[in-house]
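Down below is the structure, laid out as structure tokens.
The values are calculated or read from the model by the stated rules, or taken from the named source; none is laboratory data. All of these numbers come straight from a predicted model, not from anything done at the bench. Backbone-built Cβ (ideal geometry, glycine too); neighbour counts: all protein chains shown.
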Amino acid sequence: MVDLSPYTTLRVPAKTEKLIEINTLADIKKLPSENVFFLGEGANVLFTKDFPGTVAKINLPGINVLKESADSVVIEVGAGENWHKFVMYTAENSWSGIENLALIPGCVGAAPIQNIGAYGQSVDQTIDSVNYFNLSAQKSYILSNSDCQFKYRNSTFKHELKNQFLITSVTFRLSKSSHSKLDYYSRYESLQTEIAKIAEPPYAVQDVSRAVINIRTQKMPDWHKQGTAGSFFKNPFITKTKLADLQNKIPDIQYYPTTGMDYPKLTDPALATSDYVKIPAGRLLDELGWKGKRVGNVGTFDQHALVIVTYPGATGAEVYEFAEAMRADIKKHFSIDLEYEVVIV
Ligand SMILES: Cc1cc2nc3c(=O)[nH]c(=O)nc-3n(C[C@H](O)[C@H](O)[C@H](O)COP(=O)(O)OP(=O)(O)OC[C@H]3O[C@@H](n4cnc5c(N)ncnc54)[C@H](O)[C@@H]3O)c2cc1C
């Protein structure tokens, strides 16, 4: 049995029967056709118990420029490349499109799965295609951006293709415009304030990523020092009717548009009468006193109630129990179902 705690950022103990490192495409042949869990850097996974199968740690390397024109560049990146290093490489070259996604932990191969996003950018805005290998069919496939069915923290990889695919590489199309436009991050006041402190307009791509790094370093726990998986839940979508109801309880609750979302059910009566908005789950948790709360070896970060942190000795079951208590509290007080952003195994 292999201990998985060094392989996830929550660092909770869990064992697997076998761990196989995938360093080359040829290594994929070593994998059984079923009962395999693919792992990048483990920044979005909670093992609540031992995994009775094979864990495949994806290390596939490579950053290759496939095409370059006057205004764009197309790059294929191996699934095992570190996401932040790739963002830094693109920013150094003044290629824009993912600079707001600096310092998000994890590998390139995991980025399309939950369509990572931050500060108004999400990775689907730059993904050209995703290459994956289907273990049961023993075949490689290329999925275009539209076939990935990207939505807020969601894609086909979480549904139709769940557990059937190993992402081997991702192809991005980035813009070569040397200066970042203000419009896409103008909604994010903290980013505007930070960038104004460190650079002069017109802002370069690197200025934006530097500002993001500064903010994230102050606002998020350092996962090298403390166990965490970042935001534990997605920001919920609620109807405008529900929003009005919520505003009676939290008058200054922020809300945002939900671009590209589907209604939870086609039978939902809200579909006929109103639109949805996205609200910050962290704010709901703040209202109920979850920020900085600790129970045993699990707690929330003292600056962000949505971010669960672990202390030495924490178990996966303990983290799950804590998270379920958060969900139950939100349900009880606001009748809102929080959905896990972290993959629970
Ligand atoms: C401190 C912190 C801050 C964070 N901030 C953000 C943020 O701002 N925005 C955001 O969107 N996310 C954020 N996250 C979440 C996390 O960084 C992302 O989800 C990231 O993409 C996870 O990458 P990973 O390589 O660690 O994936 P893992 O956690 O290893 O895996 C996640 C899922 O993807 C699957 N998977 C991974 N690689 C492959 C592959 N090659 N083929 C098939 N399946 C695969 C796994 O089976 C699992 O289901 C944060 C996490 C932390 C710890």
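Taking VAL45 as the residue in question, decide whether it is surrounded by 15 or more Cβ atoms within 10 Å (Cβ to Cβ), within 15 Å of the ligand (Cβ to nearest atom) and more than 13 Å from the chain's Cα centre (by Cα).
no
For region 43-67, which residues satisfy the criterion of being without any contact (Cβ under 8 Å) to a residue 60 or more places away in the chain and not basic (Lys, Arg)?
Residues satisfying the conditions are ASP50, PRO52, GLY53, THR54, VAL55, ASN59, PRO61, ILE63, ASN64, VAL65.
From the list GLN138, GLN114, exactly one residue is over 27 Å from ILE195 (Cα atoms), modelled with pLDDT under 95 and surrounded by fewer than 19 Cβ atoms within 10 Å (Cβ to Cβ). Which is it?
GLN138
Do you know which residues across region 73-100 are away from the ligand (no atom under 16 Å from the Cβ), at pLDDT 95 or above, surrounded by 17 or more Cβ atoms within 10 Å (Cβ to Cβ) and not hydrophobic (A, V, I, L, M, F, W, C)?
THR90
Please enumerate the residues belonging to region 108-124 that are assigned to a helix (DSSP H, G or I), of a type in the set (A, V, I, L, M, F, W, C) and over 16 Å from GLU41 (Cα atoms).
Taking region 108-124 first, the residues assigned to a helix (DSSP H, G or I) are 108-110, 123-124.
If we keep only those that are of a type in the set (A, V, I, L, M, F, W, C) as well, we get 108, 110, 123.
Matches in region 108-124: VAL123 only.
Suppose we filter GLU34, GLU17 for residues that are in a loop (DSSP other than H, G, I, E, B) and more than 13 Å from the ligand (Cβ to nearest atom); which single one remains?
GLU34
Inside region 292-313, can you point out the residues that are part of a loop (DSSP other than H, G, I, E, B), free of Cβ contacts under 8 Å to residues at least 60 places away in the same chain and either closer than 12 Å to PHE232 by Cβ or within 16 Å of the ligand (Cβ to nearest atom) (or both)?
Hit for region 292-313 is ASP302, nothing else.
If LYS158 satisfies all but one of (1) closer than 30 Å to LEU25 by Cα; (2) modelled with pLDDT of 95 or more; (3) of a type in the set (D, E, K, R), what's the number of the condition it fails?
Only one criterion in (1) closer than 30 Å to LEU25 by Cα; (2) modelled with pLDDT of 95 or more; (3) of a type in the set (D, E, K, R) is unmet by LYS158, namely (2).
Which one of the conditions (1) more than 16 Å from the ligand (Cβ to nearest atom); (2) closer than 23 Å to GLY282 by Cβ; (3) modelled with pLDDT under 90 does HIS179 fail to meet, given that it meets all the rest?
(2)
Out of all the residues in region 203-220, which are within 13 Å of the ligand (Cβ to nearest atom) and not in a helix (DSSP H, G or I)?
Passing the criteria: only MET220.
In this structure, is GLU76 more than 24 Å from PHE232 (Cβ to Cβ), touching a residue at least 40 places away in the same chain (Cβ under 8 Å) and in a strand (DSSP E or B)?
Yes: the conditions hold for GLU76.
How many residues does region 89-107 hold that are among the aromatic types (Phe, Trp, Tyr) and in a helix (DSSP H, G or I)? Working first, answer last.
Applying the first criterion (among the aromatic types (Phe, Trp, Tyr)) to region 89-107 yields 89, 95.
Remaining after also requiring in a helix (DSSP H, G or I): 89.
The total comes to 1.
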